[in-house]
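Worksheet: one structure, shown below.
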Amino acid sequence: MDFVPYLIHPARWEELPPRWEEVFLRRAPLAVEIGFGNGEFLAEMAQRHPDWNWVGFETSLTCIVKAGRKLRLGGVGNVRLALLDGKFGLRELFPDGSVTRVFVNFPCPWPKARHAERRLVDGAFAQALAAVLEEGGEFQLVTDALWYAEEAAQHLGGAGLAVAGPSPLSDGPGTRYERKWRARGLTIWRVLARKVRPGTVPRIAEGGMPHAKVPAEFRPERLQQLAGVKETWEGGAVVLKEVFFAAQGETALIRAFATDQDFLQQFFLIVAKTPEGLIVQLDGATVPFRTPAVKRAVALVAERLRP
């Protein structure tokens, strides 16, 4: 459980973007690594820059565990880890002009055309960078795929960032992937992008917990009809899946999926009887980010239960 002191749960925070000086209990330059893998680069850089606050994003719990072990063994205290899609986290968790450095090392290039939408560095990511970086702040991409580096440079330049590269990288970043590619004789490419003008980006996550009150009776047969209900719109969707009922009392649990652009969340909604009728709210055990699609899921259930 070495990772526990480093792990943060931003979806539970009531204020987004957060006050990072309160998260770290100090004010310091912010640096971010997206997709830190087993934590080699993150741990080394955090030790090299103890006067910076470091935030790492990963979608693999195994990577969180490995990184936490390295941080503990290195006696590192200036790092926080989030089990979260870094593209979403970069946009939603950092105010405009607040980040000093952002690093991405060897992201999956998704070379097939049909997988292009899965690539990390796209136009939306570049716009988020242009917003959250401080004036003069820098983004560094390291990859073994030249075509990917060239495509990323185009996106970054299109967002108004000053771009240098791609250019061969003679040394660093010191990760397992770098050693693997160099052993095969491959060239490592770096793209640098620097913020030269102010920027902003729309954000969709909020801290409040949505709920709805419905003047209706608790009717299991009507609740069961919610299973399979879908609603889609441009840029979002909600799907209600299974409905579960408590063994005692008049309470139901609904498994739901919500998609905002390319950010997917799975969570549960509670429908419970109250003296005034029913209340529909998020289950406290699976708190998602309160995005428009999540709020719509609550509203959709309430609408379907109204008399």
Within a Gaussian network of the chain (alpha carbon springs, distance under 10 Å), most fluctuating of 225, 127, 154 | 225
Quote the FRET efficiency, to the nearest 0.05, computed for residue 285 versus residue 194 with a Förster distance R0 of 45 Å and r equal to the Cβ-Cβ distance.
-> 0.55
What percent does the relative contact order of the chain come to when contacts are Cα pairs within less than 8 Å and at least six residues apart?
-> 15 percent
Size of segment 106-170 along its principal axes in angstrom, Cα-based, largest extent first?
-> 35, 29, 16
Could you check which residue among 97, 160, 208 shows the biggest mean-square fluctuation in a GNM of the chain with a 10 Å Cα cutoff?
-> 208
Taking segment 194-247 as the region of interest, what is the percent of Cα-Cα pairs per 5 angstrom bin, listed from the shortest bin to the one with the maximum distance?
-> 4, 10, 12, 18, 18, 12, 8, 6, 4, 4, 3, 2
Within straight cross-link reach of residue 180, meaning Cα distance under 25 Å, which lysines are found once same-chain residues fewer than 8 apart are removed?
-> 66, 70, 112
Check cross-link reach from residue 213 to the aspartates and glutamates: straight Cα distance under 16 Å, and skip same-chain residues fewer than eight apart.
-> 250, 276, 283, 303
Taking the square root of 5λ for each eigenvalue of the C-alpha gyration tensor of the chain, the equivalent ellipsoid has semi-axes, largest first and in whole angstrom, of 40, 21, 18
At R0 = 25 Å, FRET efficiency that the Cβ-Cβ distance of residue 122 and residue 171 yields, to 0.05 | 0.30
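Hey, got a sec? Which trypsin sites (Lys or Arg not before Pro) in segment 1-45 land in a DSSP loop and have at most 10 other Cβ atoms within 10 Å?
Filter output for segment 1-45: empty list.
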Per 5 Å bin, what is the whole-percent P(r) computed from every C-alpha pair distance within segment 211-305?
-> 3, 15, 28, 26, 17, 9, 3, 1, 0
Tell me, what is the FRET efficiency for residue 232 and residue 113 to the nearest 0.05, using R0 = 25 angstrom and their Cβ-Cβ distance as r?
-> 0.55
Report the Stokes-Einstein translational diffusion coefficient (µm² s⁻¹, integer) for segment 22-63, Rh taken as the Kirkwood radius over Cα pairs, at 37 °C with viscosity 0.692 mPa s.
-> 300 µm²/s
Quick calc: nm separation of the 7 Å Cα→Cβ label points for residue 49 and residue 274 -> 4.7 nm
For segment 58-135, the Kirkwood Rh over every pair of distinct alpha carbons, in Å, works out to 14.3 Å
Could you give the distance between the Cα centres of segment 56-97 and segment 138-158, to the whole Å?
-> 22 Å
Angstrom value of the Kirkwood radius, inverse mean 1/r, which spans all Cα pairs in segment 142-283 = 20.0 Å
Over 22 Å between Cα atoms, which of 195/295; 241/295; 273/295 qualify?
-> 195/295
Residue with peak Gaussian network fluctuation, the chain [Cα springs, cutoff 10 Å], from 195, 87, 112 | 112
Both in Å, the radius of gyration and Dmax of the C-alpha trace of segment 8-118 are 14.1, 44
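Readers should treat all values here as calculations from the given coordinates under stated rules, not as data from a laboratory. The model shown is predicted, which means the values in this text are computed figures rather than measured ones. No Cβ is skipped: glycine too gets one built from the backbone with ideal geometry, and neighbour counts run over all protein chains shown.
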